[in-house]
Structure formats: C-alpha cells, structure tokens
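For reference, the structure is listed below as structure tokens.
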Amino acid sequence: MTDRKVALVVGASRGLGLGLVHAFMSRGWEVIATVRNEHGRSILKPLVDEGPVSIAHMDINVPDDIRVLRKKLSERSLDVLFVNAGVAIDPTIAVESISTQDFVDVMVTNALSPLRVLGALHDLVAPDGVVAAMSSGMGSINDNAGGGWEIYRASKAALNQMMKSFAVRKADGRTYITISPGWVRTEMGGGEAPLDIETSAAGVVETLIVRSGARGVHFVDFRNQPIAW
C-alpha cells in the first residue's frame, strides 16, 4: 500500500484555491489548506469531515504567520507546495496613474509574499516533488499584445522572474512551476470567462502531477502547455 500524497494549498478558502482543494481530494490526496481568517476556516470546515483535510492559518503578507506555519509543519513531507495568491485593481488604470501604495500592495501580495512562502517551506517538499505558484498568462511579456491590466501583468511577470531566479539559485532537483489557470469564472475573472473553476483546477492539478520529477523551472498553463516567459 502506497503512502498518501500530500499537498499544501496556500490560499484555499475560495475561488481557484478552494477548487484546488477539491481537485486534490478527488485524487485521494491529503490536503493542508491555509486560510487568513475564521470566515475562510468556516468555508473549509465541512471538507475536514469528507476526507484527509486539515486547516492552518496564514496570511502570506504577515512574515510571522509564515514562520509559525513553517514551525508547525517542520516534521511533515510535502509532495506539492502550491501558493495561490492574487489581487488585482481596476484593469484600466495606467501605471503612471496608480498610487504608490496601491502599486506596492499588488506587488507584495502577487510577487514578494509568494516567494517568501516558498523560501520558508520549499525544503519540506520531497526531492521529486513540485513547488508551484499561481501565475497568469498575463504574466508573459512575450504574449502581451493587447495591453491593459498593467499592474496585474507586471506583478505576475515579477512572480515568474523571481520564481525562475529562486529555482536556478536552489538547483535542488525539485520541479518549480508557475502556472496559468486560464480565464476562469471567479470574482476576478468575471462571469464571461469560458472556464469554470472545476475544469481549471482539475487541469492545474493534473499538470502538477504530470510534471512532478521533471526538475527545473517551468511556466505552463492548466493544459500543461508551455507559455513563453
């Protein structure tokens, strides 16, 4: 009998994060799911009774929360570490018009904090495991033909660059992935998006599993198709 695989999903109480929890559960994985507050915990609580799901508190923008979770999980081994974080502001705002504080808030949440989490927890991932973060097709500089979403695009491009640098610096044999979930019907994606959460999340999880053990760093979409950096 094989040991049950373990995934840590950071940012798991709604949208794609919650979808990832369901997708991992459907494959029989154990899931450790992080939430920022009691409301998030209440959303995930019913899943604790359905399968091997545990809930942990962490706000990725609070360094002390990251340290506490690292200590709590110090004896655990993970097969997948996935950071699902993303905030956006009005996509029509031009970069020269945004306030400094709004710019910093987006960059910290979408780029800096995810790498802080990965830096603290990546060594808990098995040697053939996956360290991943939710990116976006809009993080591709090469594919930016339409403009718009300037600050969000910049934050995801920064995430991709920092993940690539982190993976190259570590060179530890693990597989590092930034992944685009596609255009999904979430609060951010809106009602016109062609993908539902279940389809996107299932594709993301399948891609992580297929690429496990591939080593190196990859920027791909939920269909496991490479994206130009």
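Before moving on, here are some points about what is shown:
- When both bridge partners sit in the chain, DSSP labels roughly 5% of those beta bridges antiparallel.
- From largest to smallest, the equivalent ellipsoid semi-axes obtained for the range 4-103 from the alpha-carbon gyration tensor read 29, 16, 12 Å.
- Amide H within-cut-off set for ILE177, under 5 Å, with H built and near neighbours excluded: VAL131, ALA132, ALA133, HIS218
- Additional length obtainable on full extension of the chain from ASP3 to ILE89, 0.36 nm per residue less Cα span: 26.7 nm
- Given +1 at the Cβ of Lys and Arg, -1 at the Cβ of Asp and Glu and no other charges, the dipole of the range 1-115 around its Cα centre is 460 debye to the nearest 20.
- Whole-Hz Karplus values for the range 79-84 come out as 9, 9, 10, 10, 9, 10 Hz, taken residue by residue from phi with 6.51 cos²θ - 1.76 cosθ + 1.60 and θ = phi - 60°; glycine and proline positions read x.
- Taking the charge dipole of the range 31-139 about its Cα centre, with +1 at Lys and Arg Cβ atoms and -1 at Asp and Glu Cβ atoms, the residue from PHE103, ASN37, SER77 reaching farthest to the positive side is SER77.
- Top of VAL131, VAL68, VAL204 by mean-square fluctuation, Gaussian network on the chain, Cα under 10 Å: VAL68
- Gyration tensor over the Cα atoms of the range 52-181: the corresponding equivalent ellipsoid has semi-axes (square roots of 5 times the eigenvalues, largest first) of 28, 17, 12 Å.
- Each Cα pair under 8 Å and six or more residues apart adds its separation to the average, and for the range 51-189 the resulting relative contact order is 29 percent.
- Charge tally in the Cβ shell below 15 Å around GLY182, where Lys, Arg are +1 and Asp, Glu are -1, GLY182 excluded: -3
- Long-range Cα-Cα pairs in the range 7-51 (distance over 17 Å), rounded percent: 18
- Expected 222 nm ellipticity per residue - DSSP helices of 4 or more, -39500 (n - 2.57), all of the chain, to 500: -11500 deg cm²/dmol
- Other-chain or far-sequence residues with amide H under 5 Å of ALA85's (modelled H): MET134
- Positive-end residue of VAL130, PRO194, GLY146, charge dipole of the range 119-229 with Cβ unit charges: VAL130
- Under Karplus coefficients 6.51, -1.76 and 1.60, residue-wise ³J(HN,Hα) of the range 31-39 in Hz, glycine/proline x: 10, 9, 10, 9, 9, 8, 8, 5, 4
- Alpha-carbon centroids, the range 126-185 and the range 19-49: separation in whole Å: 24
- Local electrostatic count, ALA120, Cβ distance below 14 Å [Lys/Arg +1, Asp/Glu -1]: +3
- Directionally averaged shadow of the chain, computed from the convex hull of its alpha-carbon atoms, nm²: 12.6
- Less than 5 angstrom separates the built amide H of VAL125 from those of LEU78, all sequence-distant by 5 or more or on a different chain.
- In order along the range 202-214, the phi-based Karplus estimate (6.51 cos²θ - 1.76 cosθ + 1.60, θ = phi - 60°) of 3J(HN,Hα) comes to 4, x, 4, 5, 4, 5, 4, 5, 4, 8, 4, x, 6 Hz; Gly and Pro are listed as x.
Values in this text are rule-based calculations from the coordinates and carry no lab data. Predicted, not measured: the structure shown is a model, and the values here were computed from it. Neighbour counts run over all protein chains shown; Cβ positions are idealised from the backbone, glycine included.
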